[in-house]
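A short write-up of the structure that comes next.
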2 protein chains.
Amino acid sequence: MASMKAATIRDVAARAQVSVASVSRVLTGAGAVTEPTRQRVLEAVAALAYVPHSGARSLSTSRTDTVGVVLPDLFGEFFSELIRGMDLAARTHGLHLIVSSSHDDADEASAAIRSMRGRVDGMIVLSPHLDAANLAASLAGSLPVLLMNGGATDAGRPSIVVDNHGGAVAAVEHLIAGGARDIAHICGPTGNLEAEARMAGYVQAMAAAGLKARVVDGDFSQSSGHAAVRAMLAEGSHSDAIFAGNDVMAVGALLALQEAGVRCPEDVAVVGFDDVPIAQLVRPSLSTMRINIAETGRRALDRLVDLIRAKDDEALPADVACEIVRPVLVARDSSRANPSINTQASDDGRTAVKSTISSGGHQDV
Amino acid sequence: MASMKAATIRDVAARAQVSVASVSRVLTGAGAVTEPTRQRVLEAVAALAYVPHSGARSLSTSRTDTVGVVLPDLFGEFFSELIRGMDLAARTHGLHLIVSSSHDDADEASAAIRSMRGRVDGMIVLSPHLDAANLAASLAGSLPVLLMNGGATDAGRPSIVVDNHGGAVAAVEHLIAGGARDIAHICGPTGNLEAEARMAGYVQAMAAAGLKARVVDGDFSQSSGHAAVRAMLAEGSHSDAIFAGNDVMAVGALLALQEAGVRCPEDVAVVGFDDVPIAQLVRPSLSTMRINIAETGRRALDRLVDLIRAKDDEALPADVACEIVRPVLVARDSSRANPSINTQASDDGRTAVKSTISSGGHQDV
DNA sequence: CTAATTTCTGTAATCGGTTACATGACACAC
DNA sequence: GTGTGTCATGTAACCGATTACAGAAATTAG
């Protein structure tokens, strides 16, 4: 019982008194088999607890039924929602998901990509750090890859990007519509493409409205948002609104305002980006730009599957488009002109507005 | 350029003017090779962009260098931290991680386990729903498996469990030490082993203190925590403290108290469980029981690697112990006798108390 | 210079599936 | 009975790595 070798397809064939070809036909569903044969095979499979050797199968079919996902160091909720969406889609396609996470620089991400090559049929790469050149070098020539490197539109490569630029514009326009004129921006870390796109959107929207832009440094952490507001107040800020590069910094900003006795939204309105779960739990609840993350992940995997099929079939339709996910404004109390006195707490947010996904064209960054 | 077949080890051998054996020796690092040979091989590998076929390798070595993780439908931060820890550990061992998430019932989890068998060297299974019988049926006989099915101590199988029972006891004792006497518990969904262990701990601690237990139904969602408190207040509760089965419900409870004008912690103290990031952002900041999730994930993977080694070496030390992770109390304002007027907002929590991991013995559920 | 080692290299078997092709069985029509 | 077509099945050749073993080359000893 201890060291019984695992059963092979030949063992199954022997027990079922058929050839290996018949066993394979039953198991893969390809090719005709009579009912009695099928039964005998299934009985033998069950009796021997036979599991096909995936390596052997992959060797003869030259497919792995596995896709890889390379991720940077992401905030909790974003990460889990994304994987959830991808995993669900993968399951419906009968695929497995290899994940490699927490790559906080380009070299690590490259290494992860290289070590995945050869064991996956395709890859999804999220990498705010990796530029096109670096990436191309790491990628296997013919391996289908879907990029989600928010910000840099790498022409010619299939990708899905969040419209950070457009989202930032919408956030600023929302603040302006609410009466704000002196709007400051707490930006994300330099070098992060998403952060830069959001800042660019802010700058453009301010310029378009004829307003003066003011950018305060941040790094996407809560404490940096807190510090940014403290610094602003210390130097006698007259801002009547703040657009933070992400929700986490926005929450830090809210707390700093609260500590300083500045009312939100009456004195200073605040808008974040991402719609993390905390956004609806803080008081005042935080206005933000929402992305339907799970849906985006699902969509990414579906597109990758299409790319893999396109490669297999040698038929041409390799969809090389850069698809754009547009964030939607979720207006809550932190930017409301007349905040409701008492917000209900049962806003679980699961059923709210979905982010739209539109296809074609390139991002207007 | 379009449909160039991927290079094989024979192509490399031909180009480098050596045998496949030498190429293999260079690439695997096993066996002696002269420097000139090594150089020629490496040059050929680079020139052909050769990547070893993992299936073929797995076929001859009968190892996949991959481990699987089966997960239920988890809350965001927990999920991502756990994967982060496991992924980091996997990388140091040169292993890849296949994840399958969002299994919200036993059948789905079983299916996931079966579909993973044969493509991994070992598995980590988190499954609050799967009982021992179901699990054993789904598991390959000789595949190393590490369980993290919080609550059910499946004797004889290597596992890591969170001491939910002990954590609940500690939480209640903390509330009692703060002066509370009428402590209510908002429990998690029935059938969830973790929820049940926490409730059992609450009941035992109350009994030990000679206090009367009161349990209100919840389901781990924020709105259920909110509803529970509203129900309590509606029927004229006299509770001076609430122990919630998790942080998310505790936050719902906090908001409900706030809406009703009940002060926390002055009138009612609140303690949660998990220490999700929100816990330190709500006001009052939430006292809770913390588990170092990433560390636990890392530890789980390390133990799995040991199990795989033990199986390979045929040497005996198969570590079958049930390791226990003890949550640590994080006392914040929601349960402080004299809450500080102004809490600093820069408590990022990354550097706080680590949860202890102690080994051996069984959980005293 | 020959013999004994040691070190490197190559040949070919092997891992466990899939599948093209050949074979055999059977039915039906004439 | 023979011919023809269909359908189920088996045989054996792959897929691309690793590695036991044998043989060649280089080193050292005597």
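The values are calculated or read from the model by the stated rules, or taken from the named source; none is laboratory data. This is a predicted model, so every value here is computed, not measured. Here the Cβ is made from the backbone with ideal geometry for all residues, glycine too, and neighbour counts use every protein chain on show. These accessible areas exclude ligands, DNA and RNA; they are computed on the full protein's heavy atoms, side chains included. Shrake-Rupley method; radii C 1.70, N 1.55, O 1.52, S 1.80 Å.
Any residue in segment A:45-65 that's more than 18 Å from A:Val20 (Cβ to Cβ): show its pairings with residues that are of a type in the set (Ser, Thr, Tyr) and more than 7 Å from DNA strand C (Cβ to nearest atom) at Cβ separation under 6 Å, as long as the two are six or more apart or on different chains. Filtered contacts from segment A:45-65: A:Thr64/A:Ser58. Inspection of segment B:214-221 identifies at least one residue that is within 19 Å of B:His238 (Cβ to Cβ), without any contact (Cβ under 8 Å) to a residue 60 or more places away in the chain, open to solvent by less than 50 Å² (accessible area, probe 1.4 Å) and not aromatic (Phe, Trp, Tyr). Out of all the residues in segment A:228-236, is one or more out of contact with any Lys or Arg (no Cβ under 8 Å at 6 or more places or on another chain), away from chain B (no Cβ under 14 Å) and either under 19 Å from A:Gly167 (Cα atoms) or part of a loop (DSSP other than H, G, I, E, B) (or both)? Yes, segment A:228-236 has at least one match. When B:Leu82, B:Leu97, B:Leu88 are checked against the criterion of being more than 8 Å from chain A (Cβ to nearest Cβ) and not in a loop (DSSP other than H, G, I, E, B), a single residue qualifies: B:Leu82. Residue count for segment B:73-89 under the criterion of being in contact with a Leu (Cβ under 6 Å, 6 or more places away or on another chain) and more than 16 Å from A:Val99 (Cα to Cα): the result is 0. Scanning segment B:237-255 for residues that are within 20 Å of B:Ala170 (Cβ to Cβ), open to solvent by 10 Å² or more (accessible area, probe 1.4 Å) and away from every other protein chain (no Cβ under 14 Å) yields B:Ser239, B:Asp240. The condition of being over 23 Å from A:Ile83 (Cα atoms) and among the aromatic types (Phe, Trp, Tyr) holds for only one of A:Phe243, A:Phe273, that being A:Phe243.
Any idea how many residues of segment B:299-323 are of a type in the set (Asp, Glu) and at pLDDT below 85?
Adding up the residues that qualify gives 4.
Considering segment A:256-314, and only residues there that are polar (S, T, N, Q) and within 17 Å of the chain's Cα centre (by Cα), the residue that is least open to solvent (accessible area, probe 1.4 Å) turns out to be A:Thr296.
In segment A:27-43, the residues that are at positive phi reach residues that are near DNA strand C (Cβ under 10 Å from one of its atoms) and of a type outside the set (Asp, Glu) with C-beta atoms within less than 9 angstrom, at least six apart or across chains, in these pairs: A:Gly31/A:Ala21; A:Gly31/A:Ser22; A:Gly31/A:Ser24; A:Gly31/A:Arg25. Applying a threshold of 9 Å to beta carbon distances and a minimum spacing of six or more residues, or different chains, the list of pairs starting in segment B:107-125 at a residue that is more than 11 Å from chain A (Cβ to nearest Cβ) and ending at one that is outside any helix (DSSP H, G or I) and of a type in the set (Asp, Glu) reads B:Asp121/B:Asp65.
Summed over segment A:25-36, residues that are open to solvent by less than 60 Å² (accessible area, probe 1.4 Å) and within 8 Å of DNA strand D (Cβ to nearest atom) total 2.
Restricting segment A:1-13 to residues that are open to solvent by 80 Å² or more (accessible area, probe 1.4 Å) and within 14 Å of chain B (Cβ to nearest Cβ), the residue that is modelled with the highest pLDDT is A:Ala6.
Scan segment B:98-115 and tell me whether some residue there is charged (D, E, K, R), at pLDDT 90 or above and closer than 27 Å to B:Lys311 by Cα. No: zero hits.
Kindly check whether there is at least one residue in segment A:51-62 that is outside any helix (DSSP H, G or I), within 16 Å of DNA strand D (Cβ to nearest atom) and among the charged types (D, E, K, R). No: zero hits.
Checking B:Ala44, B:Ala16, B:Ala90 one by one, the residue that is modelled with pLDDT of 95 or more and crowded, with 19+ Cβ neighbours inside 10 Å is B:Ala90 and no other. When segment A:162-208 is filtered for residues that are over 15 Å from A:Met289 (Cα atoms) and either outside the structural domain of A:Leu257 (by TED's automatic domain parsing) or in a helix (DSSP H, G or I) (or both), the ones remaining, listed by number, are A:Ile176, A:Ala177, A:Leu193, A:Glu196, A:Ala200, A:Val203, A:Gln204, A:Ala205, A:Met206, A:Ala207, A:Ala208. Might you let me know whether segment A:47-68 holds any residue that is more than 19 Å from the chain's Cα centre (by Cα), away from DNA strand C (no atom under 14 Å from the Cβ) and more than 7 Å from chain B (Cβ to nearest Cβ)? Yes.
In segment A:176-209, of all residues being among the charged types (D, E, K, R) and either within 22 Å of A:Val325 (Cβ to Cβ) or buried (at least 23 other Cβ atoms within 10 Å of the Cβ) (or both), the one that is modelled with the lowest pLDDT corresponds to A:Glu194.
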